[in-house]
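Here the structure comes first, spelled out in structure tokens, and everything after it is commentary.
Derivation of every value follows stated rules applied to the coordinates shown; laboratory data play no part. Everything numeric here is computed off the predicted structure, so don't read it as measured data. Glycine gets a Cβ as well: all are built from the backbone with ideal geometry, and neighbour counts include every protein chain shown.
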Amino acid sequence: MVAYSFKTRFGPLIQSRAKTQTVRADRKRHARPGETLQLYTGMRTRSCRLLATATCAAVSPIRFDFDPAMTGRIEVHGVSTMHLADLDHFARSDGFEDWADLKRFWAREHPGLEAFEGVLIRWDSDSLVLP
């Protein structure tokens, strides 16, 4: 099992099955398709709480471009999208209202970051099990 921690704001979205993915920086080991994910809020704190478990459906390399001169761009497995409707759909799957909300979150959490490379971890909402 691989555990991931989420900000409190994402807890209800995970449990309602609205959030079905997470974007993470590279690390030594991420989940692999078929493995069980443990989805927490407040890990390594007294308020740690298991939100749900789910089965990892896919892990893909991802790149965001937040160039202020353009709407933005996401590249997953080398396939790029810049269409606002697709960016909004991606953002909603990640627990945001739309692409603009995701961009505001990233600007607040990662000031000055105009590009990001990491991994996209997806789970099937049908595999989600609440505690």
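Miscellaneous remarks
- Where the Cα pairs of the chain fall when distances are cut into 10 Å bins, in %: 12, 43, 36, 8, 0
- The separation of segment 88-110 from segment 20-48, counted between C-alpha centres, amounts to 19 Å.
- Compared with the dominant Cα axis of the chain, that is its longest principal axis, helix 84-93 is turned about 20°.
- Take every DSSP beta bridge whose two residues both sit in the chain; close to 85 percent of them are antiparallel.
- For segment 117-123, Karplus couplings with θ = phi - 60° (6.51, -1.76, 1.60), whole Hz, Gly/Pro x: 10, x, 10, 10, 10, 10, 10
- Most mobile listed residue (THR45, THR20, THR81) in the chain, GNM with C-alpha springs under 10 Å: THR45
- With 0.36 nm allotted per residue and the present C-alpha distance subtracted, the ARG27-THR81 stretch has 16.9 nm of extension available.
- Our summary gives the chain a relative contact order of 33 percent, counting only alpha carbon pairs under 8 angstrom and 6 or more residues apart.
- Nearest 10 degrees, 0 to 90: helix 99-109 Cα axis against the chain principal axis: 80 degrees
- With a Förster radius of 25 Å applied to the beta-carbon distance between ALA18 and ARG46, the computed FRET efficiency rounds to 0.40.
- For trypsin sites (Lys or Arg not before Pro), the sites in segment 28-131 that DSSP calls loop and that have at most 10 other Cβ atoms within 10 Å are LYS28, ARG29, ARG44, ARG46.
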